[in-house]
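The values are calculated or read from the model by the stated rules, or taken from the named source; none is laboratory data. Here the structure is a predicted model, which is why all the values come from computation and not from measurement. All Cβ positions, even for glycine, are placed from backbone atoms using ideal geometry, and neighbour counts span all protein chains on display.
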């Protein structure tokens, strides 16, 4: 494995950050980080959520001010007081959550902040022409007159990149740029970035996905817990090496998943219709089944009805029409407690909003949803001692790292909070499990653990419905894959019999002619 030099000559360094420290109350987000980015390269900044990547880039872009350290752009030390200073120095940033005004056109969003360039009167026609020229030169394929609110997510991202280029950015920072894209949009983004690099641009690509590092970057710097672990030449390292740098130990990157042995149907819904408050259709006569001993993954671009489907299948929302069955019992009109009583466990996407009460100790969080079940309750009263004892055993079995069951949930890391939720939900030995984004924000070591728990649960003849926006997770864990688009299941594939390209086409609504596989 080759370690890239820690320092590069002034002539070849586009960005150098030395000893960057940033503190927030109770947290050191950046702890003496060093980063060197060469001119004309795509440099990946790799680390799990919470490692300090975005904080570091917000400092580089002038949104935060470092408590300690120095920043150099093209060899000159800079002190940015705002994002405007960074833009004036040739930097542009595409945030994970786009900074666009939906009711404005592409041109209006792109020129925002530079309306007076070239004169006091805004020449919209000339601006639109210039925007179109830049878009065409980089293959961005965006209509300058289109209203941004009408564009899909991938196109909106192109508008953000276009705006940075229009403002003269030579150094482009992209923060988790593939989070909401289909596989085809990701490939198109790679092509755009490659073109920018060919034209002399420098790109910093923030990610926690090892696949992306290999696909797009020239070099990669790994950050763990606010510190620089090292920089590597991408072509001369491996995913395993990078994972070990991220976590601090060797990690199994592939899911060890024996073939499924599906049994009888355990969870199903038929002809579910849900209408949103604005009158649009969220779920359009959607039907699906989950059998014992299988993991059914749902793939789709966020916003195609996944949230509403989860609410229906967990009892949080009653559908406008259609039915939900659990263990062959109609539970459509039951509340969440009724669903749990019928054998459902729910690992929610939002562990803070729906999974935990952060100011409760761990034992009280384990008690949630179990206040009517033995052995947590004895003779009609909560058995606090037994609950604490159970919590302690679960902490050991699920590797929840905390001093004791009395520890307040808020003080745990995101990974340990997620493990506690999974421990609580799986200890019930449910008949079916809803696992929604079960590894969002976790490091690769915690992901490895969660995946193993889900597979072991499947192998105990439980049915699991997995909804994840991480396509690799869906492909790695699922025995069957359903594709959701505009509130409908439009395709079904067996494990190992679909390519990323085919799945991506279906996720984007293409390939709707796909015949659904027979159960």
ask   = Residue check: is residue 35 touching a residue at least 60 places away in the same chain (Cβ under 8 Å) and either outside any helix (DSSP H, G or I) or surrounded by fewer than 20 Cβ atoms within 10 Å (Cβ to Cβ) (or both)?
value = yes
From 76, 143, 85, residue being in contact with a helix residue (DSSP H, G or I) (Cβ under 7 Å, 6 or more places away or on another chain), more than 20 Å from residue 177 (Cβ to Cβ) and modelled with pLDDT of 85 or more = 143
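Take the stretch 354-371 and flag every residue that is in contact (Cβ under 8 Å) with a residue 24 or more places away in the chain and more than 28 Å from the chain's Cα centre (by Cα). So that I can check it myself, show each step before the final result.
To start, the set of residues in the stretch 354-371 that are in contact (Cβ under 8 Å) with a residue 24 or more places away in the chain comprises 355-363, 365-366, 368-370.
Within the stretch 354-371, 363, 370 meet the criteria.
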ask   = How about the stretch 180-242: which strands (runs of 3 or more DSSP E) wholly inside it have at least 2 residues that are surrounded by fewer than 22 Cβ atoms within 10 Å (Cβ to Cβ), out of contact with any helix residue (DSSP H, G or I) (no Cβ under 8 Å at 6 or more places or on another chain) and in contact (Cβ under 8 Å) with a residue 40 or more places away in the chain?
value = 227-233
task = Kindly indicate whether residue 92 is assigned to a strand (DSSP E or B) and on the phi < 0 side of the Ramachandran plot.
result = yes
request  = Could you check how many residues of the stretch 49-67 are part of a loop (DSSP other than H, G, I, E, B), out of contact with any strand residue (DSSP E or B) (no Cβ under 7 Å at 6 or more places or on another chain) and under 19 Å from residue 222 (Cα atoms)?
outcome  = 2
key: Yes/no for residue 315 being more than 25 Å from residue 504 (Cα to Cα), surrounded by 16 or more Cβ atoms within 10 Å (Cβ to Cβ) and touching a helix residue (DSSP H, G or I) at 6+ places or on another chain (Cβ under 6 Å)   = yes
request  = Of all residues in the stretch 249-299, count the ones that are within 30 Å of residue 447 (Cβ to Cβ) and out of contact with any strand residue (DSSP E or B) (no Cβ under 7 Å at 6 or more places or on another chain).
outcome  = 13
inquiry  = Any residue at all in the stretch 434-451 that's assigned to a helix (DSSP H, G or I) and either outside the structural domain of residue 262 (by TED's automatic domain parsing) or modelled with pLDDT of 90 or more (or both)?
reply    = yes
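With respect to residue 172, determine if the residue is touching a helix residue (DSSP H, G or I) at 6+ places or on another chain (Cβ under 7 Å), at pLDDT 85 or above and within 16 Å of residue 194 (Cα to Cα).
Details: touching a helix residue (DSSP H, G or I) at 6+ places or on another chain (Cβ under 7 Å): yes; at pLDDT 85 or above: yes; within 16 Å of residue 194 (Cα to Cα): yes.
Yes, satisfied.
Anything in the stretch 318-340 that is assigned to a helix (DSSP H, G or I) and crowded, with 17+ Cβ neighbours inside 10 Å? List them, or say none.
Passing the criteria: 339, 340.
Regarding the stretch 94-101, can at least one residue be identified that is over 18 Å from residue 208 (Cβ atoms), in contact (Cβ under 8 Å) with a residue 40 or more places away in the chain and over 21 Å from the mean Cα position of the chain (by Cα)? Steps first, please.
Of the stretch 94-101, the ones over 18 Å from residue 208 (Cβ atoms) are 98-101.
Applying the additional criterion that residues be in contact (Cβ under 8 Å) with a residue 40 or more places away in the chain yields 98-101.
Imposing the further condition that a residue be over 21 Å from the mean Cα position of the chain (by Cα) reduces the set to 101.
Yes, the conditions are met somewhere in the stretch 94-101.
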message = Please determine whether any residue of the stretch 452-470 is crowded, with 23+ Cβ neighbours inside 10 Å, under 23 Å from the mean Cα position of the chain (by Cα) and in a helix (DSSP H, G or I).
response = yes
Test: residue in the stretch 407-425 that is modelled with pLDDT of 90 or more, more than 24 Å from residue 478 (Cα to Cα), not assigned by TED's automatic domain parsing to the domain that holds residue 472 and not in a helix (DSSP H, G or I) = yes
inquiry  = Among the residues of the stretch 312-331, are any free of Cβ contacts under 8 Å to residues at least 24 places away in the same chain and either under 17 Å from residue 489 (Cα atoms) or touching a strand residue (DSSP E or B) at 6+ places or on another chain (Cβ under 7 Å) (or both)?
reply    = yes
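Would you mind finding the one in 438, 375, 403 that is surrounded by 19 or more Cβ atoms within 10 Å (Cβ to Cβ) and either in contact (Cβ under 8 Å) with a residue 12 or more places away in the chain or over 30 Å from residue 265 (Cβ atoms) (or both)?
On the way: 375 fails: surrounded by 19 or more Cβ atoms within 10 Å (Cβ to Cβ); 403 fails: surrounded by 19 or more Cβ atoms within 10 Å (Cβ to Cβ).
That would be 438, the only listed residue that is surrounded by 19 or more Cβ atoms within 10 Å (Cβ to Cβ) and either in contact (Cβ under 8 Å) with a residue 12 or more places away in the chain or over 30 Å from residue 265 (Cβ atoms) (or both).
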ask   = Is it the case that the stretch 266-274 has a residue that's within 26 Å of the chain's Cα centre (by Cα), crowded, with 16+ Cβ neighbours inside 10 Å, farther than 14 Å from residue 465 by Cβ and modelled with pLDDT of 95 or more?
value = yes
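Could you tell me how many of the residues in the stretch 75-89 are more than 21 Å from residue 32 (Cα to Cα) and either assigned to a loop (DSSP other than H, G, I, E, B) or in contact (Cβ under 8 Å) with a residue 12 or more places away in the chain (or both)?
Applying the first criterion (more than 21 Å from residue 32 (Cα to Cα)) to the stretch 75-89 yields 82-89.
Now restrict to residues that are either assigned to a loop (DSSP other than H, G, I, E, B) or in contact (Cβ under 8 Å) with a residue 12 or more places away in the chain (or both): 82-87, 89.
Within the stretch 75-89, residues that are more than 21 Å from residue 32 (Cα to Cα) and either assigned to a loop (DSSP other than H, G, I, E, B) or in contact (Cβ under 8 Å) with a residue 12 or more places away in the chain (or both) number 7.
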note = Selection over the stretch 60-87 where residues are buried (at least 22 other Cβ atoms within 10 Å of the Cβ) and under 10 Å from residue 17 (Cα atoms) yields a count of 1
